[in-house]
1. Take every DSSP beta bridge with both residues inside the chain and express the antiparallel ones as a percent of the total, to the nearest 5.
2. Relative to a virtual label point 7 Å from the Cα of E55 in the Cα→beta-carbon direction, which members of the stretch 180-219 show backbone nitrogen distances below 20 Å?
3. Take the alpha carbon atoms of the stretch 218-252, find their center, do the same for the stretch 275-323, and report the distance between the two centers in whole angstrom.
4. Just G166, G216, G311 to compare: in a GNM of the chain, with alpha carbon springs under 10 Å, which one fluctuates most?
5. Where in the chain are the DSSP H helices whose C-alpha atoms run 15 Å or more along the long axis and whose mean Kyte hydropathy is at least 0.5?
6. Given the DSSP H assignment, sum -39500 (n - 2.57) over each helix run of at least 4 residues in the chain and divide by its residue total; what's the result at 222 nm in deg cm²/dmol, nearest 500?
7. At most 15 other Cβ atoms within 10 Å and a DSSP loop assignment: could you name the chymotrypsin sites (Phe, Trp or Tyr not before Pro) in the stretch 175-242 that fit?
8. What are the lysines whose alpha-carbon lies under 23 Å from the alpha-carbon of K294, with same-chain residues fewer than 8 places away excluded?
Amino acid sequence: MSLIFHRIRSLFLGLLALTLLSPAAHGGIAVDSIGITVSDLDRALEFYSSVLTFEKVSEIEVAGPGFEQLQGVFGSRMRIARMKLGGEFIELIDYLAPEGKPVPVDFRSNDRWFQHVAIIVSDMDKAYQRLRQSKVQHASTGPQLLPSWNKNAGGISAFYFRDPDGHHLEILSFPPDKGNPKWHQQTDKLFLGIDHTAIVVGSTDASLKFYRDTLGFSVAGESENYGTEQEHLNNVFGARLHITSMKPESGPSVEFLEYLTPRHGRPTPVDAQTNDLINWQTKIITNSIEEFWKKLSGYFFISPGVVSFDGNLTGFRKAFLVRDPDGHVMQIVQQ
């Protein structure tokens, strides 16, 4: 009994140490995962696992007043699968009820509700051929190598494509002098992990007030991208973007894409709901959720307040949803 007790005590202290060392434990923020609303979870699981080599970590089915309040959708029942690639996570969210609106067929990369995850690959040519063999829908005309004159982005190779529901995704390859050092480690894997999630914003200054000044992200880098390569990557003629990388204390970055030209990207629909297929939600972990609720006063809350949950089922005890200045959804949680 004594040996078992000491082993349990050691495990508990180890977990406690990890908690105390986490950014959220010190009032900072961590991007835990990026949630994507899908129409058919089984189909989405097959695509993300077989084509992009994500691994399913868990799956739950949830319903009830707490989830209705959190998501702002009455009568909701959801299947949620958590998937891992490298050290990063996505969550696939399938509303069994009620069904939301599909992705608009004329959805363009400069529409304000645009969001994607950037998946790092070890070999762009091989990754593109893998996607071609899987018959993915192109969103770019093909992989684009950004020009060397662009100091902060030159040498990066990227390609946009769509998942079965029409969500934009990106594969990305960094040259040796750019990107997180972990993306340059020797490996036999083709798809390595998620570097960032990118969102279209109408005003970088307004988004900085939300992400930097209120949530606590820091500016990690900026660039202005234009030219034929950028136009064909985004598939938007005349695309000129101001790009700002926002870094949390841990987890994938959030990247602002402000279209300087053209400026006619459509705003997020005023009637958008979280069960609509254009909905993404970036999950942020903090240990000060009531403080964040107060700090975000003035922004659009989807949840009526901080909602409490059974942490054994959801992985968090408290949560709420809020929209940023362009309508992108942030899920703030406390474990």
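None of the figures in this text is laboratory data; all of them are computed from the coordinates on show. All figures in this text were calculated on a predicted structure; none of them were measured in a lab. Don't worry about glycine lacking a Cβ; one is built from the backbone with ideal geometry, like all the others, and counts go over all protein chains shown.
1. The answer is about 75 percent antiparallel.
2. 182-195
3. So the separation of the two Cα centres works out to 27 Å.
4. It is G311.
5. 2-21
6. So the calculated ellipticity at 222 nm is -6000 deg cm²/dmol.
7. F237
8. K209, K247, K283, K318
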